[in-house]
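Engineer: Before I ask anything, here is the structure I am working with.
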Amino acid sequence: MACMKINREKFRLIKRTSQIILVLGALAFLLLLAGGGVDVAAKDFVRHQYQNQQHQALITQVDTKKVQMFTKLMKLDAGHLVFSKQTRRDFQKITLLLNARRQNEEQVKSYFDGPHYYANRVSKKRLDGTDNNLLKEKNQTVYQRQKNRLDTIRVWFDQTQDANKFLKTAMGKFQTNHDQLDLTQVSQANAYYKLIKNRHWQHYWQPQIKELLTYFKNAQSNRDKNQLAQEQEQLAALKNAPLTQSYQPAHVTIIDNVQVADDANRTLSAAGITASQVLYFSQSDQTLSLLRRVGSHYRTTSSLIQVIASRVPRGIYRLQELIINPPDTAGVVTDPSQATFGRYYPDATSVDSTTNSVSDYNRAQPTFWLKNNPALQTSILFSNDQRLGFIYSSGSALNNGMVLDNSDLITLTNLVNSGTTLFIN
């Protein structure tokens, strides 16, 4: 009996062990089947995260949540029963590429100090290093987005460095002798200051620029009263002079307004003007200033020129010709119906066989002959689709005309080119 009882216990043990082995085998078999499906799904997911897998170009919006999910599953699959070695390597590669993309974005972001300034940590070496790192990004959309933001920082950095260089020299002269800087240098100093895109340097230069502008404004307002009276007499004599009467040109001192560039920037921006060079006339100040576009702003490139008289309507014009001692055959097409309206011809007989002796270009049709008005032998012709006019230095201002001092006109002809935009504010 005891022997039979022992045999029954052995049988039960063997049976239980066999059942456990069968269950474990079935579970392992099912796990392998399921694991094969998961590995296939993981491989398919990897393929869809690339624009070009051969060139390691990820898509623009990678599903990072699923990447993290599969990565966690791989860590749980310590026995490598579910995921193959190749699948694991593929996910390691995606993770490396995503980390590099994220690091580039964080690096570029760290260069910004708010939306309008760059951070103090920015340096040429760091910008160059980040620029090289961006090249590792093979997705052109992502690369261009990061590159554009980095280029913005580089422009801000470069123009701030240029401003620092100019202001260091200019302010050094000013501190040595307050009267060393002329109008152009003061205007440039103010313009350079406005280009600074770093809070530290902006705060550093702000009180010094304020001191410079305050001193210069006071110096201008304290000009000799006798000189101003003399200028007014000369202006009065000029205004009373008839067109054919010669006169002594009024040597009017150029009056500065360091706010011209600021006012011009607002006005030109509102008018949608983005030309590289603009000759800007301010009606309120009666001054002409030549502006050049630097980045997204205009700055003055020369001293302001006082306009003696102007009868040019507000608008946008184009300088057509710089006229100096034209031939007797020179003329301008004045017929608005012609496609060549406002065009200057050294030999206008090629387009018009008729002649006239009209000295006012506003009334001459269909051609104005320059020989009929001696005041325009040295002048600047401008026009738009509706009207034409001249900048000159003799006689009274006709309609669509602007009169300058003779020396200022010569200076202006050396500064501008045909094609320059003329804006009458």
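What follows draws every value from the coordinates through simple rules; no lab data is involved. Here the structure is a predicted model, which is why all the values come from computation and not from measurement. Neighbour counts are summed over all protein chains in view; Cβ atoms, including those assigned to glycine, are modelled from backbone coordinates with ideal geometry.
Engineer: Given H placed on each backbone N at 1.01 Å, which residues far from residue 367 in sequence or on other chains put an amide H within less than 5 Å of it?
Structural biologist: 334
Engineer: Now for a separate question. Quick query: amide H of residue 387 versus all other amide H atoms, modeled in the peptide plane; which residues come in under 5 Å with a sequence gap of 5 or more or a different chain?
Structural biologist: Amide H to amide H, under 5 Å and 5 or more residues apart or across chains, residue 387 pairs with nothing.
Engineer: Return the distance in nm (one decimal) between the two label points of a simple spin-label model at residue 99 and residue 125, each offset 7 Å from Cα along Cα→Cβ.
Structural biologist: According to this spin-label approximation, the distance is 2.5 nm.
Engineer: In nanometres, what is the gap between the two model label sites at residue 425 and residue 138, each 7 Å from Cα along Cα-to-Cβ?
Structural biologist: 5.4
Engineer: Can you list residues from other chains, or at least 5 along the same chain, whose modelled amide H is less than 5 Å from the amide H of residue 320?
Structural biologist: When sequence neighbours closer than 5 places are left aside, the close amide H contacts are 381, 382, 383, 419.
Engineer: Using the Karplus curve 6.51 cos²θ - 1.76 cosθ + 1.60 with θ = phi - 60°, what ³J(HN,Hα) values do you get for each residue of the stretch 362-372, in whole Hz, with x for Gly and Pro?
Structural biologist: 6, 10, 7, 9, x, 9, 9, 9, 4, 4, 7
Engineer: Report ³J(HN,Hα) in whole Hz for each residue of the stretch 69-79, in order, from the Karplus equation J = 6.51 cos²θ - 1.76 cosθ + 1.60 where θ = phi - 60°; Gly and Pro get x.
Structural biologist: Running phi through 6.51 cos²θ - 1.76 cosθ + 1.60 with θ = phi - 60° gives 5, 5, 5, 5, 4, 5, 5, 6, 7, 5, x Hz.
Engineer: I've got another one for you. What is the extension gain from residue 169 to residue 414, computed as 0.36 nm multiplied by their sequence separation minus the C-alpha to C-alpha distance, in nm to one decimal?
Structural biologist: Numbers: separation 245, 0.36 × 245 = 88.20 nm, distance 2.72 nm.
Extra length available between residue 169 and residue 414 comes to 85.5 nm.
Engineer: In whole Å, what are the extents of the stretch 46-123 along the principal axes defined by its C-alpha atoms, from largest to smallest?
Structural biologist: Cα extents, longest axis first: 53, 27, 20 Å.
Engineer: Step through the table entries 124/165; 75/136; 66/147; 109/168; 165/217, compare each Cα-Cα distance with 19 Å, and write down the pairs that go over it.
Structural biologist: Listed pairs above 19 Å: 75/136; 66/147; 109/168; 165/217.
Engineer: Under the Karplus relation 6.51 cos²θ - 1.76 cosθ + 1.60, θ = phi - 60°, what is the ordered set of whole-Hz ³J(HN,Hα) values for the stretch 418-424, x standing for Gly and Pro?
Structural biologist: Running phi through 6.51 cos²θ - 1.76 cosθ + 1.60 with θ = phi - 60° gives 5, x, 5, 6, 10, 10, 9 Hz.
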